[in-house]
């Protein structure tokens, strides 16, 4: 568990002592520096953001303050990320040696690592191990307040959540072994198992799939409740000793307490679904395996949100179809309009391309828990929430599209390679690695697989990305965050469920196709990123890291990349943020920043390993893209709210819905540009660069927005 | 040794006021995960920050003789507000008075 020593021994801080008054106004006194420090200290009221005002008061040199903040942040890159990336760098070195034919002998451990790295790549084991007659068991972690996101953001923070996930993975591995199951895939929120009938017989445990699933669920539940209770204790101690304001501390402790009660009441209910693999129509068609996984996932999903007390269920098409009918029916019962706390009305339904679909603004807000209903609207909003959750029925992440899985299309990035070729080639290399019999050519083939991303062979694997970016003397990172991907995915599921219900598509076909348009969209984004960057840099200098709904590109620092950034934004219609490794905090002390703002380096820093410091700077710069994205989100949200409120006003003045929306958009586009990117400045602050080439800070834009909204609409009437 | 260093971080942070409280809380929480060499390194950066802010204050005081007095006056007023808010047990929910004051700071 986390080392809380620093938090635990924070000196007891009495910010507002009950002692008499200091320095009443008008009194002549001698003021010492200590007095000033004490007075300013009292202004630092924990839990309020106004610390910035004090910073402004005391330190007009913002540039230097930001530089210090950045140095501290670089120092604080969390140890888990640091360790993970160190591991990736070590693996990259190994992959490069394999590729270069530098490995004369492979140790047993190296061979085993090769085998497991290949096996864990994009459903390799699912495609090579799941055959006709086998059963696929899908398990899914509980949702809502038990989800990884909630643990991470609201309850425990990343470090403790990572520990919970590790515990869960380990428990699942030992429970699977105990019950005679093979793990084909396991990630942070789900996994796929395959029962091995011979082993099950040998072990003498339950042999019916339903019994196995319920035993697994029960045992995992008991084990995880213990782990989570321990984590709650750790977090409580951490909070009690933290420097948070009493009110914030109390709120967090209260949240933990309420969670603990719910954990006691509900337990940690992972759900399981099982489905049998059917016959494959032809060699190279992996549809039956993918379908069995999709069907088992749907069962697990229904149990996740259902009232049923059981942990697992075997796939039943009739049951799922009935559930789909119920979901559609529940949608029809939703209110037509719901109001938020400011009284702004949201129409629950929209018509897009002639189809009735749930309002995407509402989906976005509700998914992120950001919709605050007007009094009396809570029940209506809760129903919309439930509907959105249930529409997620088809939510299965597949690395490939239905046509690629069926062998109809070749794999992305290799025009003549089919899934069958890839699975067979990889299988052969895994077998050879297990037999410690990889020759030079095989080793190079292994390296070629491990060098590219498992989802997209046109991009670098994380190992190669980190290792190559670290080699760049002054790397620039461009983070391209595709907006509304989750919302679009949900709307895709909604469309498919409606089509299933209307008999336009079979349940099986929809299950296989669900998510395809999102997979294709992300591939297009990555292709466009490669194309735009390729116009400015040679291909061997661009390294791309693939994320869920984002892409990060590492580029050598060029003269001026404003045009590149704006082009990227336009080509991908995404949130684009540029950060850079600052050279002021360099361990070698050789180079300062261009603007000469470098700070003197303390002795200890020079002694530290250069590599270690570079790694921190590299990870710090990637991490800061999140701060840049927050700047962008603040502007997007302000614009959306302004658009809503303006169009509502225009509507109340007699305009039609469409006219009002159009007028609001037009009015706002003069203030907030339609396309912009966020850039990190040399001093660590962020500026917004718009397509006309103007740079403004977030505060400047928001201020202008507020002023214009306060005045102009009334004048228009 | 490690504990001593960690305690040191807490004390150093207490002396820094050019970082927002939320940032300071984050530093403190995350410092617990740093290895001893990292703590030592962080402490050195924080010492630099303290030296820097000391210089800044000196500079401000030289440039503007009324500076310190203003800070003290704002400090005293803020404290009074906080004490009354506390007395009324409103601190947890109502920080408007303090926010107003801090806004005024901006216009000093």
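The values are calculated or read from the model by the stated rules, or taken from the named source; none is laboratory data. Bear in mind the structure is a predicted one, so any value in this text is a computation, not a measurement. Using ideal geometry, Cβ is built from the backbone for each residue, glycine included, and neighbour counts are taken over all protein chains shown.
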Go through the residues of region B:12-23 one by one and say whether even a single one is in a helix (DSSP H, G or I), at the interface with chain A (Cβ under 7 Å from one of its Cβ atoms) and modelled with pLDDT of 80 or more.
no
Would you pick out the residues in region A:616-674 that are closer than 21 Å to residue A:365 by Cβ and outside any helix (DSSP H, G or I)?
A:672
Given the criteria surrounded by 19 or more Cβ atoms within 10 Å (Cβ to Cβ), part of a loop (DSSP other than H, G, I, E, B) and touching a helix residue (DSSP H, G or I) at 6+ places or on another chain (Cβ under 7 Å), does residue A:269 qualify?
yes
Going through region A:132-144 one residue at a time, which ones are closer than 14 Å to residue A:224 by Cβ and out of contact with any helix residue (DSSP H, G or I) (no Cβ under 6 Å at 6 or more places or on another chain)?
A:139, A:141, A:142
Restricting attention to region A:251-286, which residues are touching a residue at least 60 places away in the same chain (Cβ under 8 Å), at negative phi and more than 28 Å from the chain's Cα centre (by Cα)?
A:275, A:276, A:277, A:278, A:279, A:280, A:282, A:283, A:285, A:286
Per-region count, region A:126-140, residues buried (at least 21 other Cβ atoms within 10 Å of the Cβ) and assigned to a helix (DSSP H, G or I)
2
With the checklist (1) facing chain A (nearest Cβ under 7 Å); (2) more than 19 Å from residue A:66 (Cα to Cα) in hand, flag the one item residue B:27 doesn't pass.
(2)
Just one of the numbered conditions (1) over 17 Å from residue A:165 (Cα atoms); (2) within 14 Å of chain B (Cβ to nearest Cβ) is not true of residue A:255; which one?
(2)
What number goes with the only condition from (1) farther than 29 Å from residue A:125 by Cβ; (2) buried (at least 17 other Cβ atoms within 10 Å of the Cβ) that residue A:449 does not pass?
(1)
Just to be sure, is residue A:563 at pLDDT 65 or above, exposed (fewer than 14 other Cβ atoms within 10 Å of the Cβ) and closer than 16 Å to residue A:466 by Cα?
no
Do you know which residues across region A:426-441 are more than 19 Å from residue A:93 (Cβ to Cβ) and in a helix (DSSP H, G or I)?
A:426, A:427, A:428, A:429, A:430, A:431, A:432, A:434, A:441
Test result for residue B:92, in a loop (DSSP other than H, G, I, E, B), at the interface with chain A (Cβ under 7 Å from one of its Cβ atoms) and either modelled with pLDDT under 75 or within 23 Å of residue A:612 (Cβ to Cβ) (or both)
yes
Could you please find all residues in region A:674-696 being modelled with pLDDT under 85 and under 16 Å from residue A:630 (Cβ atoms)?
A:681, A:684, A:685
Answer yes if at least one residue in region A:523-533 is touching a helix residue (DSSP H, G or I) at 6+ places or on another chain (Cβ under 8 Å), assigned to a helix (DSSP H, G or I) and farther than 17 Å from residue A:477 by Cβ, and no otherwise.
yes
